[in-house]
1. Running Debye on the range 45-197 with equal point scatterers at the Cα sites and no solvent, what base-10 log of I(q)/I(0) appears at q = 0.08 Å⁻¹?
2. Taking the 0 to 90 degree range and rounding to the nearest ten, how far is the long axis of helix 78-93 tilted relative to the main principal axis of the chain, both from C-alpha atoms?
3. Accessible area per residue, 1.4 Å probe, Å², for the chain: what's the number?
4. When the dipole is taken about the Cα centre of the range 70-190, and only Lys, Arg (+1) and Asp, Glu (-1) are charged at their Cβ, what size is it in debye, to the nearest 20?
5. With the dipole of the range 1-117 worked out from charges on the C-beta (+1 for Lys and Arg, -1 for Asp and Glu) around the Cα centre, which of Gly96, Pro48, Gln110 lies farthest toward the positive end?
6. May I ask you to derive the relative contact order of the range 87-181, considering only C-alpha pairs under 8 Å and at least 6 residues apart, and to give it as an integer percent?
7. Rounded to the nearest percent, how much of the accessible area of the chain (1.4 Å probe, protein heavy atoms only) is carbon and sulfur?
8. Rg over Rh of the range 1-130, using C-alpha atoms and the Kirkwood radius, what does it come to?
Amino acid sequence: MTTDLICATPVNDSHWLGKEVTDHLGRLATVRRVYDVQGQHVAILTSPLPAMENGEAIYGEHTALLSADGQPPAFPDFQDKLDELGRLESALYTDGATEEDAQRFRTASQELKPYQQSRHYLRQALVDQARPGDRMYLTGKDWCATIVDIDDHPLRDLPRMALRLRLEEAALREEPHLLESYPDGIVELSTIMMWPTLGLI
């Protein structure tokens, strides 16, 4: 799978495939796919959604952040460093940072970049393959929706930043007020929180 900027290649012999794992937030999940993204391996995970009958969350995570078979992740303090990066960034924006803080921010950004960027690039590459009728998982709400149409004008830039989707009945039941603004259930949403469902990848 490719775009002008991204190449995501399936790693069909990865030892992670099919494993029950714990992600960096402590959630239990199953590895369904693994992709090589610019030399970094990113797993597609599914995790049960208790609130949704037979529902599964779908998301990506760098394999270095996963633990399995009683073994810790290769990068055990990722979340701590991510939290620190957020604190340093906040200080920089509020003029409460020292030069030492600025240097720590630059160092932390570079350290975390491969793990965050590869996941982001994989999501972009997969979403850019989407077509009308494809079903997408929306991570922010744990909803699913179906793509209605896509702007495929030759001058349109990739990656896609938004898609028009028809929300499924479960979403409209959960938040019925949406029908007041979108009587046909069709909304335009940012792709930043979308992952294709497993049948597409």
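The values are calculated or read from the model by the stated rules, or taken from the named source; none is laboratory data. Keep in mind that this is a model prediction, so the values were computed, not measured. Positions of Cβ are backbone-derived with ideal geometry, glycine not excepted, and every protein chain shown enters the neighbour counts. Just so you know, the surface numbers come from the protein's heavy atoms only, side chains and all, with ligands and any DNA or RNA stripped out. Shrake-Rupley method; radii C 1.70, N 1.55, O 1.52, S 1.80 Å.
1. Results for the range 45-197 at q = 0.08 Å⁻¹ read -0.34.
2. 90
3. 57
4. 420
5. Pro48
6. 18
7. Reported share for carbon and sulfur atoms: 50 percent.
8. 1.03
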